[in-house]
Amino acid sequence: MTLLVSLFIMNLDIIFKAKTPVKFGGAGKWKQDDASKLFSSSQSMKFSWVQGLICFDCGAAFDFQYLLKCTKCGGLLDLVYDLPQTNWADLTDNNFQGMWRFHKVLPIRNPAHIVTLGEGSTALIPAPRLARSIGIKSLYLKYEGTNPTGTVKDRTSSTAVSSAKQFGASAITVVSTGNAGASLATYAHRGEIPSVIFCYHRGDPIKMSHMSLMASKFCVFEGEYDDLIRSVDQCVEEGLAFDGGATRNSFKHEGKKTIAYEVTEALGTVPDFFFSPVAVGEIFIATYRGFDEMQQMGMVDRMPTLVCCQSMQAQPIVAAFQSGQPFRPTTIQPTIAKGVAVGDPGPKGPRVLEILRQHSGMALAVSDAEIQEAQSLLAESEGLWAGPTGVVSLAALIQAGRNKQIPSNSSSLCIITETGLTSPYPPAQGQVVKTSLEDVRRLFSCV
């Protein structure tokens with residue numbers, strides 16, 4: 001399989017302008033405030049407060065550069081920022097739109113490298129009818145379907161492609177079940193960086209058409225996400241393309257961190273429960289980082305209860321959390337929520353599990369029937385039509401409400417990750433009518 005993938009992209013030559021890693025030693029699980037002490041502090045005049053990278057596992061620190069794993073232990077890397085005590089007025093920059101208002105806590109040092117289509121600043125929608133039906137005090141929906149390609153992926157595509165420009169990459173790649181491929185191809189096209197996009201052969205036709213229009217090379221593979229990702233990851237390590245995937249590129253996932261900032265800014269506080277869909281764990285980890293950073297900067301005084309939401313057909317993190325066992329990859333089964341159909345999320349799987357355990361989180365798995373029910377309830381109660389992957393978090397909240405797992409006087413937020421306009425529709429059920437005035441008038445008598 002590695003040879004096959006290499007043949008697709010062997011003509012791409014890439015050079016990264018990276019400095020030699022500087023290691024600072026240390027051990028144990030590092031927090032952001034611990035790590036920032038290893039770097040010089042001079043953030044006040046910088047476009048970004050980013051300093052460098054730290055290994056989550058061994059504590060080795062590195063100068064600011066493109067790295068996908070710790071060169072000392074192979075562990076997952078986190079970006080480190082020099083975070084001052086601050087407020088919303090000083091943190092945000094209204095000369096920029098969308099999520100780039102928060103550029104000080106994003107990893108792009110030069111605004112000339114930003115590739116954007118206006119992503120972010122998505123609607124935070126109160127859902128009182130749904131809240132009543134679930135049995136909780138209040139519910140907010142962070143609706144990501146208004147992003148340029150209709151999905152939350154646009155936030156990370158923007159930071160990924162901007163980072164690729166920042167580090168001088170000449171190509172970018174991703175393995176996708178749909179949304180990620182369409183989004184990354186679109187942003188790469190916008191940023192004039194060639195893209196090689198791999199998509200599951202049973203992906204949604206609308207999303208596949210989108211990818212084929214935007215990608216420099218659009219490649220369809222048979223099998224599941226887990227079948228191909230290792231081969232593409234190897235090609236990325238060989239320098240054939242910049243990593244646009246979700247499993248290990250710390251620069252990419254930072255875009256989704258801005259969801260936490262936007263929610264908190266809009267509410268003036270954090271919700272009691274924060275429901276996130278989890279495939280590889282990108283949204284979960286990124287929003288956790290956002291809340292953690294705001295605590296460090298004195299902008300909030302607590303972390304919401306983080307809820308990991310997975311499909312029953314692909315639930316390695318939920319299974320480990322509920323059983324108290326170590327993380328183990330699983331073999332996935334078919335699900336209508338293709339965007340969370342990942343049985344081996346790589347190093348981010350154990351990271352999500354550790355965050356859940358350290359912060360007394362929750363982990364729930366939902367069936368396809370529960371996902372379809374959530375789609376219908378969202379449309380009927382609040383007038384929003386979202387795709388199956390988009391409502392995994394809402395399905396988990398509904399399950400938790402029915403099982404009395406959250407207090408009735410609590411507030412919850414669900415991330416609705418995608419519009420339903422790019423997913424298969426349920427069969428239309430219309431009424432055949434005649435065109436005469438009498439027949440048309442009669443129809444309104446039944447409204």
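No value in this document is a laboratory result; all are computed from the given coordinates. Remember, predicted model here, so these are calculated numbers, not experimental data. Note: ideal-geometry Cβ built from the backbone for every residue, glycine included; neighbour counts use all protein chains shown.
Structure summary
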| item | result |
| --- | --- |
| Packing-based exposure ordering (other Cβ within 10 Å, fewest first) of Cys309, Cys219, Cys70 | Cys219, Cys70, Cys309 |
| Label-point separation in nm, Ser170 to Asp227, each point 7 Å along Cα→Cβ | 3.3 nm |
| Rg/Rh (Cα only; Kirkwood hydrodynamic radius) as it applies to the chain | 0.98 |
| Per-residue Cβ neighbour rank within 10 angstrom, fewest leading, Ser170, Ser311, Ser176 | Ser170, Ser176, Ser311 |
| FRET efficiency estimate (nearest 0.05) - Cβ-Cβ, Arg357 to Asn87, R0 35 angstrom | 0.65 |
| Net length gained if the chain between Gln431 and His201 were fully extended (0.36 nm per residue, minus Cα distance) | 79.3 nm |
| Label-point gap, in nm, between Asn94 and Asn110 - each point 7 angstrom along Cα→Cβ | 3.0 nm |
| Förster radius 22 Å - calculated FRET efficiency between Lys137 and Ser376 (Cβ-Cβ, nearest 0.05) | 0.40 |
| Phi-based couplings in Hz for segment 95-107 (Karplus 6.51, -1.76, 1.60; Gly and Pro marked x) | 6, 10, 9, x, 5, 6, 4, 9, 4, 5, 10, 10, x |
| Extended-chain gain in nm, criterion 0.36 nm per residue less alpha-carbon gap, Glu238 and Lys46 | 65.8 nm |
| Within straight-line cross-link reach of Lys69, aspartates and glutamates at Cα separation under 15 Å, skipping those fewer than 8 residues along the same chain | Asp57, Asp78, Asp233, Glu237, Glu238, Asp243 |
| Segment 96-205, relative contact order in percent, only Cα pairs under 8 angstrom and at least six apart counted | 23 percent |
| √(5λ) per eigenvalue of the Cα gyration tensor, segment 114-157, largest first, Å | 28, 8, 7 |
| Highest to lowest packing among 92-102, 425-435, 177-187, scored as the average C-beta count within 10 Å | 177-187, 92-102, 425-435 |
| Computed [θ] at 222 nm, helices only, for the chain once each DSSP H run of length n ≥ 4 contributes -39500 (n - 2.57) | -10500 deg cm²/dmol |
| Out-of-range pairs (alpha-carbon distance over 24 Å; input Lys142/Lys252; Lys256/Lys404; Lys72/Lys217) | Lys256/Lys404; Lys72/Lys217 |
| Thr71 paired with Ala266, simple spin-label distance in nm, labels 7 Å along Cα-to-beta-carbon | 4.2 nm |
| Inter-centroid distance (Cα atoms) of segment 182-248 relative to segment 107-136, Å | 24 Å |
| Segment Ser410-Gln322, extension gain: residue separation times 0.36 nm, minus the distance between their alpha carbons | 29.4 nm |
